[in-house]
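Input: a single structure, listed below in structure tokens.
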Amino acid sequence: MQFKIKKTVSILLILAMVTVMFSSCSVEKLLNNDAEEPVAVTVKTDLKDAVFTFTYGELKGVLPQDKLGSLFEEYEELSDDITTDLTYNDLCNRYEEGSELFNSVMDLLSAEEKAQLTNNNEAVLDYFVEKINYAKAEKPIVEYKESFWTDSDSIYFSQNGKESDSKIKTAAKYFDYFVTKGVGNYLSDENNGVTGITEKGDDLTNIMYLYGDKKACALTIDNVVAVYSSVQYDTVKNSDDENVPTAATRIVKIVLKDDEAAVKNAFSLRGKEGILKEMKKGSDYFTVDDYNVAFDTCTIVATFNAVTDNIITVSYYKNMAVSTVVNGVGSLEYLGSQDLTFNCTDCVEYHFGWEAEAK
């Protein structure tokens with residue numbers, strides 16, 4: 001089952017939030033000999049992240065011309081043996097993970113090269129757990145928010161195991177509106193949901209996952225399907241026209257197993273009462289007495305200042321397949337009793353402000 005989360009978009013949005021800046025001088029100042037040479041930084045913790053090397057000759061048989069050109073735009077002349085290095089995150093951002101183009105590029109890699117993505121899984125997961133737990137204990141400034149959306153294309157009404165007729169499309173629109181607006185507003189309401197900003201030193205026990213626990217995360221390698229880590233560098237040209245790395249951001253993506261025990265080690269799960277109460281606001285059109293949830297590829301994406309190892313952002317995507325029984329009321333009474341399934345996502349995001357990095 002697939003969700004319209006647009007993983008690459010979410011990763012790009014997270015990267016846009018990263019505010020870590022280490023550059024000791026600007027390109028303009030360097031060109032004017034107005035500043036010292038840029039000071040190179042190094043990654044504090046080496047997690048043996050995979051970096052894949054592709055030749056122009058390999059990629060020209062796979063990529064369309066515009067995407068191929070963007071990879072090799074710094075070269076005035078091209079030949080088949082010119083190479084470019086790409087991380088897993090580069091590939092996801094450029095070609096959308098899981099797409100035909102992404103898979104075509106990945107197919108250029110040998111089994112040994114692909115193994116780099118999994119050889120460090122346990123080390124990367126331990127890194128994430130340690131750093132997120134450290135953040136909850138150290139109590140930096142935290143900006144946090146929760147949002148909710150449904151996949152309107154996934155709303156499916158049926159009776160007696162058969163898809164309901166076309167009149168159900170109207171009901172689906174009503175249902176999508178009330179669920180998204182009702183539950184979404186409930187989760188973003190400061191009295192019910194998790195949206196706000198803390199001061200340095202504020203207690204984060206009930207602000208950060210896991211709510212009510214001193215720990216933020218209790219994941220083990222047995223709880224996950226995949227763990228990916230990549231490092232992105234910001235560079236500045238020095239006087240010799242060489243790229244000097246002046247900042248480094250680590251991007252970690254964790255895909256959980258679909259069982260509740262795994263999800264509960266990273267996410268705080270809500271009770272049904274509040275959600276059902278919000279659904280009752282649509283009672284002029286339908287009633288819902290209960291629902292069942294199956295988790296589907298719940299994902300965590302985090303960014304770190306790779307020079308200090310401080311976590312900067314983390315987003316939790318709780319993807320759910322919901323099944324319920326809807327009873328039509330009023331103008332939707334013609335529905336009768338309908339079996340309903342749909343996909344939805346509850347997202348909680350944290351952005352950390354470390355005093356030393358704000359100077």
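All of the numbers you see were taken from the coordinates with simple rules; none came from a lab. Just so you know, these numbers come straight off a predicted model, no measurement behind them. Reconstructed Cβ throughout: ideal geometry from the backbone, glycine too, with neighbour counts over all protein chains shown.
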Next item on the list: Give me the net charge of SER158's neighbourhood, meaning all other residues with Cβ under 13 Å from the Cβ of SER158; Lys, Arg count +1, Asp, Glu -1.
Entry: -2
Notebook entry, point to check: When the Cα centres of the range 201-223 and the range 105-164 are compared, how far apart do they sit, in Å?
Noted result: 17
